[in-house]
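So the structure is just underneath, and the comments pick up after that.
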Amino acid sequence: MPLVHLLRAARRLMRGNTPPITEYPLETERRLNELHGRAPVDQHLRVLFHNDVIGGENYVDLYWRCLHETKTPVTPFNLFHRFQSRRDLVRYFLATLAVPGARAECGVYRGASALLLAHAWRSAQADFRGKDFYLIDSFVGTSVSGKHDLIPVRGDDGMPRREAFFPVAKADISPELVRGYFGEFPDTTLCAGWIPQVFATLPERDWSFVHIDVTLYEPTLRALDYFYPRLNPGGIIVCDGSIFCPGAKKACDDFCDQRKLPFVVLGNRESVLIKQPTGGGTAMARS
Ligand SMILES: C[S@@+](CC[C@H](N)C(=O)[O-])C[C@H]1O[C@@H](n2cnc3c(N)ncnc32)[C@H](O)[C@@H]1O
């Protein structure tokens, strides 16, 4: 038997039944799915968000409606993450309503969060029908994972190895399907294609709010590269976070570190940047 196998076997013996010290993402998901699967989830959501109203409708009711209308699957694990992170997303979104510029979501999937934002927009502007709202996605699924996107998983021998979490181009969506969910907002623009190439189809203009939720390092970085210079001062970019998306987090860290941009990280690993005034230059002048 090669020495490395002997060493691993010895380690296994020494470990005995002791649970692993490090919990890897798939193990966390399994544990919380089990735990939250037994909990009265809706009761928890009502306690957390009973005071949150958007356009006269309770936030929990509205977001449930968006999830149902778009047939977005949720699991006990990601449910709290979704309700908490989307509440913060709406707050940041509403905070940019006075900032000039269009708004976008990169990484739309079935459109649940974009639909929530459209309702939030209409709560502040009664005649809003989707104008200046851009939904950008391949609409066929995720691109190829790179080295920053791999997550640690425990092998059969107990040793960690790194694997891609997201399969390539495997989503059950299409632009037509998602368009059908935006009947109340017919002026919404859907942009179908891979990031970054799809950005060439956008009008050259300024922006006030961008939600980047594309799960991987490369498209997250490319979206930041594209939108940040075009963002008006006071504009906000929210990069979604997840234990399955180390690359997306690193992309935001790298982007901000290189430019010394201040940003915050919220409870579900979302990174949020508010563009600071640059001393008079316009967004289109590229800071
Ligand atoms: C996590 S889902 C978005 C979820 C959505 N924001 C929501 O809240 O329901 C990620 C989306 O990113 C898209 N995506 C991933 N990589 C992409 C790329 N390189 N270009 C365009 N879209 C991409 C996938 O098609 C998928 O729909």
Please enumerate the residues belonging to region 122-143 that are part of a strand (DSSP E or B) and more than 6 Å from the ligand (Cβ to nearest atom).
Phe133, Tyr134, Leu135, Ile136
Inspect all residues belonging to region 103-121 and state whether any of them is of a type outside the set (D, E, K, R) and surrounded by fewer than 19 Cβ atoms within 10 Å (Cβ to Cβ).
no
In region 55-72, what residues are in contact with a Phe, Trp or Tyr (Cβ under 9 Å, 6 or more places away or on another chain) and touching a residue at least 60 places away in the same chain (Cβ under 8 Å)?
Glu69, Thr70
For region 153-242, please list each of the strands (runs of 3 or more DSSP E) lying entirely inside it that holds at least 1 residues being modelled with pLDDT under 95.
160-163
Mind counting the residues in region 93-121 that are over 14 Å from Asp187 (Cα atoms), within 8 Å of the ligand (Cβ to nearest atom), outside any strand (DSSP E or B) and not aromatic (Phe, Trp, Tyr)?
6
From Lys147, Lys131, residue being among the charged types (D, E, K, R) and closer than 29 Å to Lys250 by Cα
Lys147
Within region 168-211, residues over 15 Å from Pro229 (Cα atoms) and hydroxyl-bearing (Ser, Thr, Tyr) come out as Ser174, Tyr181, Thr188, Thr189, Thr201
Considering each residue of region 49-72, count those that are within 18 Å of the chain's Cα centre (by Cα) and either exposed (fewer than 14 other Cβ atoms within 10 Å of the Cβ) or in a loop (DSSP other than H, G, I, E, B) (or both), and give that number.
3
The lone condition Arg38 fails out of (1) at pLDDT 95 or above; (2) under 24 Å from the mean Cα position of the chain (by Cα) is (2)
Would you confirm whether any residue within region 58-79 is charged (D, E, K, R), under 23 Å from Val272 (Cβ atoms) and either within 16 Å of the ligand (Cβ to nearest atom) or at pLDDT 95 or above (or both)?
no
Give me the pairs, please: first residue somewhere in region 73-86 and more than 21 Å from Asp172 (Cβ to Cβ), second residue anywhere and at pLDDT 95 or above and outside any helix (DSSP H, G or I), beta-carbon distance under 6 Å, and either six or more positions apart or on two chains.
Ser85/Glu270
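The values are calculated or read from the model by the stated rules, or taken from the named source; none is laboratory data. Predicted model only: the values in this text are computed from it and were never measured. Quick reminder, even Gly has a Cβ in these numbers, built from the backbone with ideal geometry, and neighbours come from all protein chains shown.
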